[in-house]
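Read the figures in this text as sums done on the coordinates, not as results from a lab. Small disclaimer: the values here were computed from a predicted structure and weren't measured. All Cβ positions, even for glycine, are placed from backbone atoms using ideal geometry, and neighbour counts span all protein chains on display.
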Amino acid sequence: MKRPHRVGPVRFSDQEMAAVTAAASRAGVAPAAYVAEKAVAVARGELAPLPADERERLRILLITREQLQQIGATLDRIAAASPSNATEKLAATLEQVEQTVRRLDETVAGLLRRQEGR
């Protein structure tokens, strides 16, 4: 896409330029195109930059959520194959897992909303 307007000159340190060049290479575009695409996406609110430590926390929360869902599915299968007295205990445990997944979902959504409000 040809861009008739120029903002610049934009300057980068050696480390910053290396990071931009590597990211642009992964995206299959030139560094200038990469910077322009990301700047416009942030300006439009389509992309919210996250600090590395928050990205890692979100990643861990999402992995934990997936693991809890797997545990819940396993408990559900066990409950289906168990005698009725064990089924009640398993059903209660499954409800706890589902509540935990919902709390994780709410936490992640809250973190994402907070990032959008920056």
query = Given Cα pairs under 8 Å that are at least 6 residues apart, what percent is the relative contact order of the range 19-99?
reply = 17 percent
ask   = Quick one, what does Rg over Rh come out to for the chain if you take C-alpha atoms and the Kirkwood Rh?
value = 1.24
note = Using alpha carbon centers only, the range 58-118 is separated from the range 11-27 by a whole-angstrom value of 39 Å
message = Suppose each label sits 7 Å from its Cα in the direction of the beta carbon; what would the Arg11-Arg44 distance come out to in nanometres?
response = 3.1 nm
query = Once the piece of chain linking Ala18 and Asp76 is laid out straight, how much longer is it, given 0.36 nm per residue of separation minus the C-alpha distance between them?
reply = 15.9 nm
task = Place +1 on the Cβ of every Lys and Arg and -1 on the Cβ of every Asp and Glu in the chain, take the dipole about the Cα centre, and give the residue among Gln99, Leu58, Pro31 whose Cα lies farthest towards its positive end.
result = Pro31
task = Compute log10 of I(q)/I(0) for the range 52-116 with the Debye formula, placing one identical point scatterer on every Cα and leaving out solvent, at q = 0.13, 0.17, 0.19, 0.22 Å⁻¹, to two decimals.
result = -0.44, -0.63, -0.72, -0.84
note = Taking Cα atoms only, helix 14-27 is inclined relative to the longest principal axis of the chain by an angle, in degrees rounded to 10, of 60 degrees
key: Neighbour cut-off at most 11 other Cβ (10 Å), DSSP loop, trypsin sites (Lys or Arg not before Pro), the range 1-67   = Lys2, Arg6, Arg11, Arg44
query = Given 0.36 nm per residue, what is the gain on full extension from Thr87 to Arg26 after removing their alpha carbon distance, in nm?
reply = 16.9 nm
task = Find the Cα radius of gyration of the range 24-82, compare it with 2.2 N^0.38 Å by division, and give the number to two decimals.
result = 1.90
query = How large is ³J(HN,Hα), in whole Hz, for each residue of the range 67-80 in order, when computed from phi with the Karplus curve 6.51 cos²θ - 1.76 cosθ + 1.60 and θ = phi - 60°, using x for Gly and Pro?
reply = 5, 5, 5, 5, 4, x, 5, 5, 4, 4, 5, 5, 4, 5
